[in-house]
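Input: a single structure, listed below in structure tokens.
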DNA sequence: TAGGTTAGCTAAACCGGTTCAGGCGGTGTC
DNA sequence: GACACCGCCTGAACCGGTTTAGCTAACCTA
């Protein structure tokens, strides 16, 4: 095996040109005649030359990597399959271009800020994905100041210089409520996600809008942090009160699964005495009993689109917003006509 | 804000020394007098100098990053919280040392090989974590050939030049079986994991050993791929046969949760008519009903230990094997004395 | 007191690419 | 035929560190 290191100078020597020209040929830029370019490329393949990523990084001031900072409690992170799928989508784009993904998992907001600063300071990445958007998200000015290109997952509520890649999740919530209302439910509650997160509050608003649209009285809403434990607690609270709801719309599937557990524990039959719907269509939702009526999510697609947009932004200096197909309701077995006691 | 780039030469000039000496002082190596070192460090902080990671990478032939290649179907990956937690553990070590984690998610064995090759070829990382060990794992010779330092999670079944960081999971399985046997179960089945994976077959063997040790007839075993769907299928198969088991030991929690769903669907009451145990203690297991009796796992601890070992290997050229405390049984509500029909 | 160490430091090469100013020959224009 | 222009290419600077050879002065030993 040819283990000796072959550099651009070796290629240049072999092709009988200067190393500058080899660089030009490699990055196919104008100023190289077709014949010479071919000669250079031949020499390169003959020698098995692989340009050094590190040298390219230093001289071109790029890192050929993208960054993802995930700020969640590991416990919460573990029950939410969003990130693994999202990352798989991102990777499917990156791998074809020889780029890498740098992942940072932190648990506090402080560590999150530090993480972005470190990535920027070290020039570790050429751009980052901004997930779990929050109200007046401080990361947007931070990244602007750091000069780090970014793509936001969803549209921020404030001004943002970054392209947004969005999946509208409000139709999914609206459909859920409309579906439950159509089944005859009138007392529908919502176990909402983290109100500090945009998708948490947006789903909640969609829920309230949909209730109005269905001509129903405002439903009870409980805010959580999207965690399984919080979903469990919220459900217990809803079901142990005087006039419990006949249906609950959950802000995500993990909480809905937890809610199902609480209902079973309390002897409340699902879907006969309680209908529930989730959001995200995680793998589990198909296999609990009854299988969860939920809203499909396509994090892999999202990851792919976000990666494409971020790379376009980095390469061209600009990228358009992208709107992906909205998430839709998937009807399974966890909702039914309410029993009137 | 001081946005101008300050390099090692600026620091050298300010301290009145050569840039070589600044480098020596920074990496605190001998050959610099205490006074001069202080002068250099002062100059550096005054100028706010941050050594360029890229330049260091090029000249020192290191990348200051570790790699993790995850070869799983995104769907399976999503329901298993092992990796998020493991990564969180790894990060807790890396972040304190200014190192980064490069993550690669692939879905085929072929892409996995390519991914390691790419990481090595690009010099993208200084070492990698080897997870989901398989029988005669081809990645061990591959990494040896690539000259990439590695740490294995668990002890490989063949020869390996790499340090192993291990959590023995057989006591957990043995305790599960002993616990069920103690409750009076005699027909205990095992929904095993992927037999190609070391922890899949090892748990299965532990199950068989434990059955023998308990003086019980060999239990029925079904092999799966560790996925929720496979766990569901296996359970259906077990419960719909002529003489179903009174207890099932699952190779992981996601399959146990799916099994619980199937039991409920089939009208088999858990734990009265069927006892089940899981493995890993994922977040969900506490919140399904009945809560899952399972075996604790500590992936965060594992990640931390693996990172420490890998860094020791990289820095010192050698590292010892590490044995972490074995996983133990956590008794909750999904197992009980069998009902004799 | 001469010769050998050693600590502290400098200068320059080096890592392996990218980029830019400029040279050179050939064509087009008037 | 002089001049400008253009395509193709070279040489050298540059990115920002690390590392090594070698210099100097002080200190040690016989």
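The values are calculated or read from the model by the stated rules, or taken from the named source; none is laboratory data. What you see is a predicted model; the values in this text were computed from it and never measured. Quick reminder, even Gly has a Cβ in these numbers, built from the backbone with ideal geometry, and neighbours come from all protein chains shown.
Within the stretch B:38-50, the set of residues being within 13 Å of DNA strand C (Cβ to nearest atom) and surrounded by fewer than 17 Cβ atoms within 10 Å (Cβ to Cβ) comprises B:38 only. Of the listed requirements (1) away from every other protein chain (no Cβ under 12 Å); (2) under 22 Å from residue B:80 (Cβ atoms); (3) under 21 Å from the mean Cα position of the chain (by Cα), residue B:276 misses just one: (3).
Of all the residues that make up the stretch A:212-239, how many are assigned to a helix (DSSP H, G or I) and in contact with a strand residue (DSSP E or B) (Cβ under 7 Å, 6 or more places away or on another chain)? Explain how you work it out, then say what you get.
Kept after step one, since they are assigned to a helix (DSSP H, G or I), are these residues of the stretch A:212-239: A:212-213, A:228-239.
Now narrow it down to the ones that are in contact with a strand residue (DSSP E or B) (Cβ under 7 Å, 6 or more places away or on another chain): A:231, A:234-235, A:237-238.
Of the residues in the stretch A:212-239, 5 are assigned to a helix (DSSP H, G or I) and in contact with a strand residue (DSSP E or B) (Cβ under 7 Å, 6 or more places away or on another chain).
Among the residues of the stretch A:100-143, those identified as more than 13 Å from chain B (Cβ to nearest Cβ), in a helix (DSSP H, G or I) and under 17 Å from the mean Cα position of the chain (by Cα) are A:139, A:140.
Going through (1) assigned to a helix (DSSP H, G or I); (2) in contact (Cβ under 8 Å) with a residue 60 or more places away in the chain; (3) closer than 25 Å to residue A:182 by Cα one by one, residue A:307 falls short only on (3). Under the condition of being out of contact with any strand residue (DSSP E or B) (no Cβ under 7 Å at 6 or more places or on another chain) and outside any helix (DSSP H, G or I), the residues counted in the stretch A:188-211 number 2. Of the residues that make up the stretch A:147-170, is at least one part of a helix (DSSP H, G or I) and farther than 30 Å from residue A:241 by Cβ? No, that holds for no residue.
Yes or no: the stretch B:67-82 includes at least one residue that is more than 23 Å from residue B:253 (Cβ to Cβ) and away from DNA strand C (no atom under 12 Å from the Cβ). Walk me through it before giving the result.
Let us first name the residues in the stretch B:67-82 that are more than 23 Å from residue B:253 (Cβ to Cβ), namely B:67, B:69.
Adding the requirement that they be away from DNA strand C (no atom under 12 Å from the Cβ) leaves B:67, B:69.
Yes - at least one qualifying residue is present in the stretch B:67-82.
Against the condition touching a helix residue (DSSP H, G or I) at 6+ places or on another chain (Cβ under 7 Å), surrounded by 17 or more Cβ atoms within 10 Å (Cβ to Cβ) and at pLDDT 95 or above, how does residue A:82 come out, does it pass? Judged against the criteria, residue A:82 is not a match.
For residues in the stretch B:235-253 being within 14 Å of chain A (Cβ to nearest Cβ) and touching a helix residue (DSSP H, G or I) at 6+ places or on another chain (Cβ under 6 Å), which is farthest from residue B:81 (Cα to Cα)? Step through it out loud before you land on a result.
Keep residues of the stretch B:235-253 that are within 14 Å of chain A (Cβ to nearest Cβ), which gives B:235-236, B:239, B:250, B:252-253.
Checking which are touching a helix residue (DSSP H, G or I) at 6+ places or on another chain (Cβ under 6 Å) leaves us with B:235-236, B:250, B:253.
Numbers: B:235: 22, B:236: 24, B:250: 16, B:253: 10 Å.
Only one residue tops the list, namely B:236.
Among the residues of the stretch B:245-288, count how many are assigned to a loop (DSSP other than H, G, I, E, B) and free of Cβ contacts under 8 Å to residues at least 24 places away in the same chain. So that I can check it myself, show each step before the final result.
Taking the stretch B:245-288 as the starting set, the residues that turn out to be assigned to a loop (DSSP other than H, G, I, E, B) are B:245-246, B:251-252, B:266-274, B:278-279, B:281-282, B:287-288.
Subset that is free of Cβ contacts under 8 Å to residues at least 24 places away in the same chain: B:267, B:269, B:287.
Count: 3.
The set of residues from the stretch A:180-209 being more than 14 Å from residue A:250 (Cα to Cα), within 28 Å of the chain's Cα centre (by Cα) and surrounded by 17 or more Cβ atoms within 10 Å (Cβ to Cβ) comprises A:197, A:198. In the set (1) surrounded by 24 or more Cβ atoms within 10 Å (Cβ to Cβ); (2) within 9 Å of chain A (Cβ to nearest Cβ), the condition left unmet by residue B:256 is number (2).
Any chance the stretch A:208-221 includes a residue that's within 14 Å of chain B (Cβ to nearest Cβ) and modelled with pLDDT of 95 or more? Checking the stretch A:208-221: not a single residue is within 14 Å of chain B (Cβ to nearest Cβ) and modelled with pLDDT of 95 or more. Here residue B:199 clears all of (1) more than 14 Å from chain A (Cβ to nearest Cβ); (2) free of Cβ contacts under 8 Å to residues at least 60 places away in the same chain except the condition numbered (2).
Can you say whether residue B:87 is within 16 Å of DNA strand C (Cβ to nearest atom), surrounded by 18 or more Cβ atoms within 10 Å (Cβ to Cβ), part of a helix (DSSP H, G or I) and in contact (Cβ under 8 Å) with a residue 24 or more places away in the chain, as far as the supplied structure shows? Spelling it out, it is not the case that residue B:87 is within 16 Å of DNA strand C (Cβ to nearest atom), surrounded by 18 or more Cβ atoms within 10 Å (Cβ to Cβ), part of a helix (DSSP H, G or I) and in contact (Cβ under 8 Å) with a residue 24 or more places away in the chain. Within the stretch B:6-60, the set of residues being in a loop (DSSP other than H, G, I, E, B), near DNA strand D (Cβ under 8 Å from one of its atoms) and within 14 Å of chain A (Cβ to nearest Cβ) comprises B:6, B:7, B:49, B:50, B:51, B:52. For the stretch A:114-147, a residue qualifies if it is under 20 Å from residue B:95 (Cβ atoms) and touching a residue at least 40 places away in the same chain (Cβ under 8 Å), and the qualifying residues are A:115, A:116, A:119, A:123, A:124, A:125, A:128, A:129, A:131, A:132. Being away from chain B (no Cβ under 11 Å), buried (at least 19 other Cβ atoms within 10 Å of the Cβ) and more than 25 Å from the chain's Cα centre (by Cα) is a property that residue A:263 lacks. Screening the stretch A:61-81 for residues that are farther than 30 Å from residue A:229 by Cα and in contact with a strand residue (DSSP E or B) (Cβ under 9 Å, 6 or more places away or on another chain) and picking the one that is farthest from DNA strand D (Cβ to nearest atom) gives A:66.
Limited to the stretch A:308-325, what total is found for residues that are in contact with a strand residue (DSSP E or B) (Cβ under 7 Å, 6 or more places away or on another chain) and surrounded by 17 or more Cβ atoms within 10 Å (Cβ to Cβ)? If you could, list the steps in order and put the result at the bottom.
Taking the stretch A:308-325 as the starting set, the residues that turn out to be in contact with a strand residue (DSSP E or B) (Cβ under 7 Å, 6 or more places away or on another chain) are A:309-310, A:313-314, A:321-324.
Pick out the ones that are also surrounded by 17 or more Cβ atoms within 10 Å (Cβ to Cβ) and you get A:309-310, A:313-314, A:322.
Summing the residues that are in contact with a strand residue (DSSP E or B) (Cβ under 7 Å, 6 or more places away or on another chain) and surrounded by 17 or more Cβ atoms within 10 Å (Cβ to Cβ) in the stretch A:308-325 gives 5.
Is it fair to say residue A:221 is touching a helix residue (DSSP H, G or I) at 6+ places or on another chain (Cβ under 9 Å) and surrounded by fewer than 21 Cβ atoms within 10 Å (Cβ to Cβ)? The answer is yes for residue A:221.
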